[in-house]
Ligand code: DON
């Protein structure tokens, strides 16, 4: 069978070995889907059985699945299913990305949505060309550098409410992806319908969404359309309830019929603008009409012979990922041992230095000078690496100024897809913090982002992620807020795809993607192991090395000067969704056991020599 998982890596902890059986249970379920499809079992075997029949994920169970043809990893089972259905019907990775993105927007409104934005990094197997698409939110034309400061204080509108929203980019990004890279074999309408149906007929409220609604219920209650969606009977929806989004279904139907024009013009745009400005926001119809998706040149680097392809500004993700990998490349991590004191020390010191640069240099490069090539220059990485004292932590004050970190994990989402032809696509999408601005834009049913919080309000005031950022990143009309999203593709030395990576987590996105890649490249971990492995995070300020529960670090780190904080069992770093391509060609997709995602994969019949079936 062209499907397998491996959990036998020597570095796998006994806890992870135990988790292997859970993973295997799931893998068998998905594997059967593929095989039964191959064997000609009716479509429903894959549509209704496997993903639904899996037992509820536990906080520590890795989820891995492999197929010979295509694979997808997302943070929601419904989204993986929609994407997998598209692949099996002959759509390519880009088509699958579109369908999965719309679905995840509906079922994880705490993470992403039509009212948000995102980035795509892709690799076309046929041409060998890679590229990036920027669907990041844009500041409305009414934005200004001082818009979030009154009487010397940062106002609440920087964090929540109608004024915290940027002009959404997601729908146009998906429309662009479909038009420029779609296979043409699946209609746009067919890609939107699964999401519309879930909006109209409802989907189950899982724990992370229930938690977010409860946490923000008082603020959600300020806005009638938000109340209607998240507190339909006057009380916050709870885990196990159904989330029904009738207005959003109407908007999705308009998008299905008219494409992105149905969102950026016509009644939907009018409704978003009217409701937003009436409630104190500044998004006008013309801001929506003038929103542009941008094709961008990817950030590229090399790590131990692998080519790293990632997202350029307005994300800081690709730049700092490559910067950190450049530093780490001067050390024999494998020889040190996984999560040895020296390995953890080097991770922390690389993160500290990269985040100090983020605070100083990064912003939308269409507006300000960003020294991208200097930051990703291997020679600069060597200088930074030489600066690391292998016996002592460098106090962050000796590197540069900043602040605190908040608990964020459930918000923002990543999708990785690879198809039978080897096309790979990574997309991280967000409405920023949980439930974004908390403001549903009237009858459009669209929950707007609070991405303006990723701008600097005041260079001395940290944003929701405790990130202090420079005046380069102040809001300006049509500028895009600085991001940490890091959709990334790794190519083998021969140019074929080795892996597709990404995660949510604010600043922890960059460090999660870094560690996942290091786990694969330096420590030979499988996909399931690489995402499940415990992680650490340092973002320069505060000068704290956060370590997930279960990392067996000793007293040495503290004696070297690291300020270590062990996170509680319920606090994971990131929610990675990755796919690795094994040397036998199998695509192994893994969803982070920290989240509620499920991956999917399939094997085309002809791979096994049987007649191929298409639906
Ligand atoms: O673009 C960014 O960097 C943030 N808006 C991402 C937010 C996020 O990942 C929230 N996470 N859990």
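The values are calculated or read from the model by the stated rules, or taken from the named source; none is laboratory data. Quick caveat: nothing in here was measured; it's all calculated off a predicted structure. No Cβ is skipped: glycine too gets one built from the backbone with ideal geometry, and neighbour counts run over all protein chains shown.
Please verify whether residue 407 is closer than 22 Å to residue 547 by Cα and either modelled with pLDDT under 95 or surrounded by fewer than 20 Cβ atoms within 10 Å (Cβ to Cβ) (or both), treating the condition exactly as stated. Taking the combined requirement at face value, the residue satisfies it. Looking at 397, 357, 364 in this structure, which one is more than 16 Å from the ligand (Cβ to nearest atom) and either modelled with pLDDT of 95 or more or out of contact with any strand residue (DSSP E or B) (no Cβ under 8 Å at 6 or more places or on another chain) (or both)? Unique residue meeting the criteria: 397. Checking the stretch 95-107 against the condition returns no match, with no residue being in a loop (DSSP other than H, G, I, E, B), out of contact with any strand residue (DSSP E or B) (no Cβ under 7 Å at 6 or more places or on another chain) and in contact (Cβ under 8 Å) with a residue 60 or more places away in the chain.
Residue count for the stretch 535-546 under the criterion of being part of a loop (DSSP other than H, G, I, E, B) and either within 16 Å of the ligand (Cβ to nearest atom) or within 20 Å of residue 417 (Cα to Cα) (or both): the result is 3. State whether one or more residues within the stretch 118-132 are within 12 Å of the ligand (Cβ to nearest atom) and either surrounded by fewer than 24 Cβ atoms within 10 Å (Cβ to Cβ) or assigned to a loop (DSSP other than H, G, I, E, B) (or both). Checking the stretch 118-132: not a single residue is within 12 Å of the ligand (Cβ to nearest atom) and either surrounded by fewer than 24 Cβ atoms within 10 Å (Cβ to Cβ) or assigned to a loop (DSSP other than H, G, I, E, B) (or both).
Residue 432 meets the stated requirement of being within 14 Å of the ligand (Cβ to nearest atom), within 16 Å of the chain's Cα centre (by Cα), assigned to a loop (DSSP other than H, G, I, E, B) and crowded, with 22+ Cβ neighbours inside 10 Å. Summed over the stretch 506-534, the residues that are within 15 Å of the ligand (Cβ to nearest atom), in contact with a strand residue (DSSP E or B) (Cβ under 8 Å, 6 or more places away or on another chain) and not in a helix (DSSP H, G or I) give a count of 1.
The residues of the stretch 415-428 include none that are within 11 Å of the ligand (Cβ to nearest atom) and in contact with a helix residue (DSSP H, G or I) (Cβ under 6 Å, 6 or more places away or on another chain). For residue 591, are the conditions met, namely being over 21 Å from residue 466 (Cβ atoms), within 16 Å of the ligand (Cβ to nearest atom), in contact (Cβ under 8 Å) with a residue 60 or more places away in the chain and in contact with a strand residue (DSSP E or B) (Cβ under 8 Å, 6 or more places away or on another chain)? Criteria met by residue 591.
Counting the residues of the stretch 476-491 that are assigned to a loop (DSSP other than H, G, I, E, B) and closer than 26 Å to residue 503 by Cβ gives 8. Each residue in the stretch 447-474 was checked for being more than 14 Å from the ligand (Cβ to nearest atom) and either part of a loop (DSSP other than H, G, I, E, B) or over 20 Å from the mean Cα position of the chain (by Cα) (or both), and 10 of them qualify.
Residue by residue, here is whether (1) closer than 19 Å to residue 190 by Cα; (2) in contact (Cβ under 8 Å) with a residue 60 or more places away in the chain; (3) outside any helix (DSSP H, G or I) holds:
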position	(1), (2), (3)
237	no, no, yes
240	no, no, yes
249	yes, yes, no
252	yes, yes, no
255	yes, yes, no
263	yes, yes, no
268	no, yes, no
274	no, yes, no
283	no, yes, yes
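Among the residues of the stretch 378-388, is any modelled with pLDDT of 95 or more, outside any helix (DSSP H, G or I) and more than 16 Å from the ligand (Cβ to nearest atom)? Scanning the stretch 378-388, I find at least one residue that is modelled with pLDDT of 95 or more, outside any helix (DSSP H, G or I) and more than 16 Å from the ligand (Cβ to nearest atom), so the answer is yes.
If I ask for residues that are assigned to a loop (DSSP other than H, G, I, E, B) and over 24 Å from residue 486 (Cβ atoms), which ones from the stretch 571-602 would you list? Correct list: 583, 584, 585, 586. Scanning the stretch 259-294 for residues that are surrounded by fewer than 16 Cβ atoms within 10 Å (Cβ to Cβ) and within 27 Å of the chain's Cα centre (by Cα) yields 289, 290, 292.
Selection of the stretch 476-491 for residues being within 16 Å of the ligand (Cβ to nearest atom) and surrounded by fewer than 24 Cβ atoms within 10 Å (Cβ to Cβ) yields only 479.
Residue-wise test of (1) farther than 17 Å from residue 276 by Cβ; (2) in a helix (DSSP H, G or I).
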site: 141; (1), (2): no, no
site: 163; (1), (2): no, yes
site: 228; (1), (2): no, yes
site: 233; (1), (2): yes, no
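Close contacts from the stretch 492-514, counting a first residue that is within 19 Å of residue 362 (Cβ to Cβ) and a second that is away from the ligand (no atom under 15 Å from the Cβ) and part of a loop (DSSP other than H, G, I, E, B), with Cβ to Cβ under 8 Å and a gap of 6+ residues or different chains, come to 511/538.
Kindly indicate whether any position in the stretch 327-343 is under 15 Å from residue 522 (Cβ atoms), in contact with a strand residue (DSSP E or B) (Cβ under 7 Å, 6 or more places away or on another chain) and surrounded by 22 or more Cβ atoms within 10 Å (Cβ to Cβ). No. Give me the residue from the stretch 492-505 that is more than 16 Å from the ligand (Cβ to nearest atom) and not in a strand (DSSP E or B) and, out of that set, farthest from residue 421 (Cα to Cα). Applying the filter and picking the extreme gives 493. Just one of the numbered conditions (1) modelled with pLDDT of 95 or more; (2) in a loop (DSSP other than H, G, I, E, B); (3) more than 14 Å from the ligand (Cβ to nearest atom); (4) out of contact with any strand residue (DSSP E or B) (no Cβ under 7 Å at 6 or more places or on another chain) is not true of residue 402: (1).
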